[in-house]
Amino acid sequence: MKLYAIVGSPNSRKVLAVVNHLGTELDIEYLDLFAGDARQPAYTALNPNAMVPTLIDGDLKLWESNAINQYLADKSADQTLFPQDLAHRADIVRWQSWELAHFNQAFGTLALEAVAKPSFMDIQGDAAVIDWAKGQLNRFASVLNNHMQGRNYVVGDNITLADYSMIHVEFFKEAIPFDWTPYPHLNEYFERMRQSQHWLATAPQSPEAIGRKTGS
Ligand SMILES: N[C@@H](CCC(=O)N[C@@H](CS)C(=O)NCC(=O)O)C(=O)O
C-alpha cells in the first residue's frame, strides 16, 4: 500500500495517526504543497480533488481521510479502532460524519482563513468567512463540550477512529481567533488526545517542515 500525504496537513495527520496506531506497513510519499505536486496530472489521476491524503492499495485509489481510516482499520487485526459491533461502528461513523460536516468544517475554515493563509501562504483570509466560521464553531463546540463531560473518548472507553477524526485540526487550536474557555470538557479532551502517542508521532518536526517534501 502507498499513502500520499503532506507534512503537517491535518487530514494527512488524521490518517498517519491511524497508520501509527495500527502499525500498518505502507510506503508514504510526501507531496510538496508549495511546488504544486498535488495539481500534477499524475496525481490528479489518483485524486481528482488535488488533495491529500490518498491511499493506493492495488487497484483501489481511495481518497477522503475517514474512508481511508475505516479501510485501514478493517484490514487490520486490531479491531479496537473500528470494532465490528454494529452499534459501536454506527456511533463512530456518526461522530466522523459530524466532525466533517460541522465541527471541523468550522474549525478548519477558521484555521485556514485566519491562520494558514496569512502565516503560510501569504494570502489575506476572508473576513466574512472568518465571522461565519466563528459562529458555526461556537454552535458545534458546545455540542462536543456537552458530549465530553464525564468521558475520556468520543465513543466508548478507548481511542477509536472518531477521536483521530475529531482532533485532526488541533495544531491550530490556540492560534485561531476563538475563545475556547466556555468549553472546558472539550479542552480537556483535546489536551488528552494531543498527548496521545500515535497522534504526537505525526507532528511536523518544525514549522518550516510544514508542506515541504522533506522532513516529517
Ligand atoms: N475531505 C478531505 C479533505 C482533504 C483536504 O482538505 N486536504 C488538504 C490538506 S489537510 C489539502 O490537500 N489541501 C490542498 C488544497 O486544498 O489545494 C479528507 O478528509 O481527506
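Read-outs: derived from the displayed coordinates by stated rules, not from any lab. These numbers come from a predicted model, not from an experiment. No Cβ is skipped: glycine too gets one built from the backbone with ideal geometry, and neighbour counts run over all protein chains shown.
Under a model in which nothing but the beta-carbon of Lys, Arg (+1) and Asp, Glu (-1) is charged, region 86-200 shows a dipole of about 260 debye around its Cα centre. Between Asp85 and Phe34, residue separation times 0.36 nm minus the direct Cα-Cα distance comes to 14.1 nm.
Along the axis of the charge dipole computed for region 86-200 (Cβ charges of +1 for Lys and Arg, -1 for Asp and Glu, origin at the Cα centre), the listed residues His185, Thr160, Leu100 are led at the positive end by Thr160.
As a proxy for reagent exposure, Leu161, Leu72, Leu112 were ordered by neighbouring Cβ count within 10 angstrom, fewest first; the result is Leu112, Leu72, Leu161. Other residues within the sphere of radius under 15 Å centred on the Cβ of Arg94, judged by their own Cβ, net out at -2 (K and R +1, D and E -1). For the pair Arg151 and Gln124, the difference between a 0.36 nm per residue extended length and the Cα-Cα distance amounts to 5.9 nm. Within the chain, DSSP assigns beta bridges of which about 65% are antiparallel (rounded to the nearest 5). Computed from point charges on the beta carbon alone (+1 for Lys and Arg, -1 for Asp and Glu), the dipole magnitude for the chain about its Cα centre is near 140 Debye. For region 23-84, applying the loop criterion from DSSP together with a ceiling of 10 other beta carbons within 10 Å to the GluC sites (Glu not before Pro) yields Glu25. Once backbone amide H atoms are built at 1.01 Å from N, Glu29 has Leu3, Tyr4, Ala5 as its partners under 5 Å, excluding neighbours fewer than 5 places away on the same chain.
Straight distance only, please: which lysines reach the Cα of Lys75 with their own Cα at less than 25 Å, same-chain residues fewer than 8 apart left out? Excluding near neighbours in sequence, the set is Lys2, Lys14, Lys61. What does the helix-only formula give at 222 nm for the chain: each DSSP H stretch with n ≥ 4 adding -39500 (n - 2.57), the total divided by the residues, and the result rounded to the nearest 500 deg cm²/dmol? Value at 222 nm, helices only: -12500 deg cm²/dmol. Placing pseudo-labels 7 Å out from each Cα toward the beta carbon at Glu191 and Glu25 gives an inter-label distance of 4.0 nm. Taken over region 76-168, the convex hull of the Cα atoms encloses 105 Å³ per residue. A Förster radius of 45 Å combined with the Cβ-Cβ distance from Arg94 to Thr44 puts the calculated FRET efficiency at roughly 0.90.
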